[in-house]
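**Student:** I have a structure here, written as C-alpha cells, and I will follow up with some questions on it.
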Amino acid sequence: MKLSAAPLEGSSSFDAATLANPATAALRAYDPGHDLPALRKRYGSEIAELGSNENPLGPSPLAIEAMRGALAETFRYPDPRGALLKAALARHLGVEAERLALGNGSHELLILIAQCFADPSHSIAYSQFGFAVFPIATAVVGAKAIRVPALPRDHASAPFGHDLDAIASAVREDTRIVYLANPNNPTGTWFDDAALDRFVARVPRDVLIVVDEAYCEYVDAAGLTTALRLAAKHPNVIVTRTFSKAYALAGLRVGYLIAHPSVVAVIERLRESFNVNNIALAAAEAALDDARHLDRARAFNRAEREWLSGELKSRGYRVLPSQTNFVLVDLGRDAAPLERHLFERGVIVRPMGGYGLAETLRISIGSRAENQRLLDALP
C-alpha cells in the first residue's frame, strides 16, 4: 500500500526543537558546503573538487582488493571490537591494542571524548581557529567553552595558529578537556615537539589533552613528530587519527585514538557497538600494509603543495605555511566573491567564514589537472 503524500495533521503547530535538550538546542547542523553529488552531475569530469581535503591519488590497491573481498560478508555484523584492525594498528604504531579505540571517523571519537568525560559542570578549551568539531563536542555536552584567541595574522610561522601559552593559561579548575589539532584544520599551521612538551608540562594531570593528528602522515617539518611519544609519561594525553586523509578512505569513515587503557575503557562504555563496518575494517587493515602507496601519497602531496603554493604566490596571493594536504589563502578582503567566481567555473574550494576567517579560502591539494584548473579560473 502506498502512503499518501498529504501533510501531517497539526504539523504547523508542532516544533520538535522546543523539545530538544539544552545541549542539542544550542547546536547547529553540520554544514557540508556545496551539494557535491549535484555538482558532479552538472560539471561531470570538468569539476575540480578542492574543498574537502581528500587524497586525489585514491586508496591503496591492497585496500581496494580488501574491500571487494569484504563485500561477501556484508550480511554479517562487523566485529564490534575491530580486533584485526586494532592488532594491525598496534604493530604499526608500536603500542598495545588495549590503548586503541576505533571510530566512525575521528569526528565520532572527538565527540565521544567529550560525552564520556565532560558535562555542564566542566569547561573545555580550544583554539579560536581550531578544528570545527571541538566547539561542537563542547556544545553537545553543555560544557563551558573556553575559546582562546589564535596567534595573529602576521605571526612569522603560524598565522592564525594555536597560541599554546595562552591556552595553557586559560585552563581553569573546572577544565576537563583541551582540544588541539596538529597540524591544524583549517589553517594548516602546526607547533613543534618542544612547544607541545612545554604545554603538557603546564597542564594539570587531571585535564585530558586531546591532540588531533588527522594530517600527521603529511608532516615533513623539522622538529615535529607526534604526541604519541608523550603517552607513556603523560597518561592524560590522547591522540586521534583518521584513515580519511593520506590513506584516502574518506568515504568509509574510519578513525582511531590512542590513549591510556583506562581512557579507552571508559570510551568503550559509550561507543556504538558496530560503529565501523566490515568493508571499512578490511580496507583500513590492508592500507596499513601498503607503505609504498602511502609514501607515494606523501611525496605527491609535498611536491604539489609546493608547486601550487608557488604558483599562487606568483599571482600575488598570500599562502599560509602548511603541513597538510591543503593551503589556506589569505586574501585580506572578503573571500566570498572569489569563491563564487571559482564555483561558477566548476572549481570548488572551501570558504572559511564559518570559522571566522571570512577573508580566506581553504584549497585542497588536488591532481595536477585540478590544480591547473584552479589557476586558470583565477581572475
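No lab work stands behind these numbers, since they all come straight from the coordinates. Being a predicted model, the structure only gives us computed values, none of them experimental. Cβ sites come from the backbone with ideal geometry, for glycine too, and all protein chains shown count toward neighbours.
**Student:** Assuming a viscosity of 1.567 mPa s and a temperature of 4 °C, what translational diffusion coefficient in µm² per second does Stokes-Einstein assign to the stretch 28-149, Rh being the Kirkwood radius over Cα pairs?
**Tutor:** This corresponds to a translational diffusion coefficient of 70 µm²/s.
**Student:** Counting other C-beta atoms within 10 Å, which of Arg373, Arg305, Arg28 has the fewest, and how do the rest follow?
**Tutor:** Final ranking by Cβ density, sparse to dense: Arg28, Arg373, Arg305.
**Student:** Got a sec? Which residues in the stretch 336-374 would a label at Arg296 touch, if it sits 7 Å along Cα→Cβ and we count backbone N under 16 Å?
**Tutor:** 367-368
**Student:** Could you tell me how many cubic angstrom of Cα convex hull volume the stretch 219-292 has per residue?
**Tutor:** Dividing the Cα hull volume of the stretch 219-292 by its residue count gives 114 Å³.
**Student:** Measure off 7 Å from each Cα along the Cα-to-Cβ vector at Ala156 and Ala29, then give the distance between these two points in nanometres to one decimal.
**Tutor:** With each label point 7 Å from Cα toward Cβ, the separation is 4.7 nm.
**Student:** Say each of Ala221 and Asp334 gets a label point 7 Å from the Cα, pointing the same way as Cα to Cβ; how far apart are those two points in nm?
**Tutor:** 3.2
**Student:** On to the next question. Could you give the nm distance between label points at Ala132 and Ala369, where each point is 7 Å from its Cα heading toward the beta carbon?
**Tutor:** Rounded to a tenth, the inter-label distance reads 2.8 nm.
**Student:** About the Cα centre, and with charges only on the beta carbon of Lys, Arg (+1) and Asp, Glu (-1), how big is the dipole of the stretch 238-359? Nearest 20 debye, please.
**Tutor:** The calculation lands at about 160 debye.
**Student:** Still on this structure, I have one more. Starting from the amide H of Gly51, placed 1.01 Å from N in the peptide plane, find each other amide H under 5 Å away whose residue is 5 or more places distant or on another chain.
**Tutor:** Ser364
**Student:** Using DSSP, restrict attention to beta bridges with both residues in the stretch 61-288 and report what percent are antiparallel, rounded to the nearest 5.
**Tutor:** 30
**Student:** Enumerate the amide H contacts of Val347 below 5 Å, restricted to partners 5 or more residues apart or on another chain; note that Pro and chain-start residues carry no placed amide H.
**Tutor:** When sequence neighbours closer than 5 places are left aside, the close amide H contacts are Ala48.
**Student:** Sort 49-58, 243-252, 86-95 by the packing proxy (mean of other Cβ within 10 Å over each peptide's residues), most packed first.
**Tutor:** 243-252, 49-58, 86-95
**Student:** Using 1/(1 + (r/R0)^6) with R0 = 30 angstrom and r between the beta carbons of Glu272 and Asp197, what's the FRET efficiency to the nearest 0.05?
**Tutor:** After rounding to 0.05, the efficiency reads 0.30.
**Student:** Once phi is turned into θ = phi - 60°, what whole-Hz ³J(HN,Hα) does the Karplus curve with 6.51, -1.76 and 1.60 give for every residue of the stretch 158-163, x standing for Gly and Pro?
**Tutor:** 9, x, 6, x, 5, 9
**Student:** Write down the Kirkwood hydrodynamic radius of the chain, to one decimal in angstroms, obtained as one divided by the mean of 1/r over all alpha carbon pairs.
**Tutor:** Taking the inverse mean of 1/r over all distinct Cα pairs, the chain comes out at 22.0 Å.
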